[in-house]
Ligand SMILES: [Zn+2]
């Protein structure tokens, strides 16, 4: 079924649609690196879940040496590994309010140390 990119449901409570996107952030402790998944979502929920993911990422606490990037939106494709996911930069820009500089909005416990 070519119309269904992935047999995973949207993670937003109450939403029954299939997930089209993965919202995830690159995490690293300086040795290993992985993609930390915040949500899998359909096209309708991507805006809300993307905002939530950014808020969670901004509030996270990291051990020293750990690094967690700002979450991005990745296109889900069946059978693809995380490293092969293509990032939807245009969608991210669309969903990031132009007047909101995340660095000004909240304190970033993740930055620096
Ligand atoms: Zn949804």
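Where a number appears in this text, it was derived from the coordinates with a stated rule and is not lab data. Just so we're clear, the structure is a prediction, and the values are computed from it rather than from any experiment. We place every Cβ from the backbone using ideal geometry, glycine too, and count neighbours over all the protein chains shown.
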Quiz item: Do the conditions hold for residue 85, that is, is it touching a residue at least 60 places away in the same chain (Cβ under 8 Å) and more than 16 Å from the ligand (Cβ to nearest atom)?
Solution: yes
Quiz prompt | Restricting the stretch 28-51 to residues that are assigned to a loop (DSSP other than H, G, I, E, B) and more than 15 Å from the ligand (Cβ to nearest atom), the residue that is surrounded by the most Cβ atoms within 10 Å (Cβ to Cβ) | solution = 29
Exercise. Inspect the stretch 57-78 for any residue being exposed (fewer than 12 other Cβ atoms within 10 Å of the Cβ), away from the ligand (no atom under 16 Å from the Cβ) and within 14 Å of residue 19 (Cα to Cα) and give the result as yes or no.
Key: yes
Quiz item: What are the pairs, 6+ residues apart or on separate chains, where a residue within the stretch 35-55 that is over 13 Å from residue 72 (Cα atoms) has its Cβ under 9 Å from a residue that is near the ligand (Cβ under 9 Å from one of its atoms) and in a helix (DSSP H, G or I)?
Solution: none
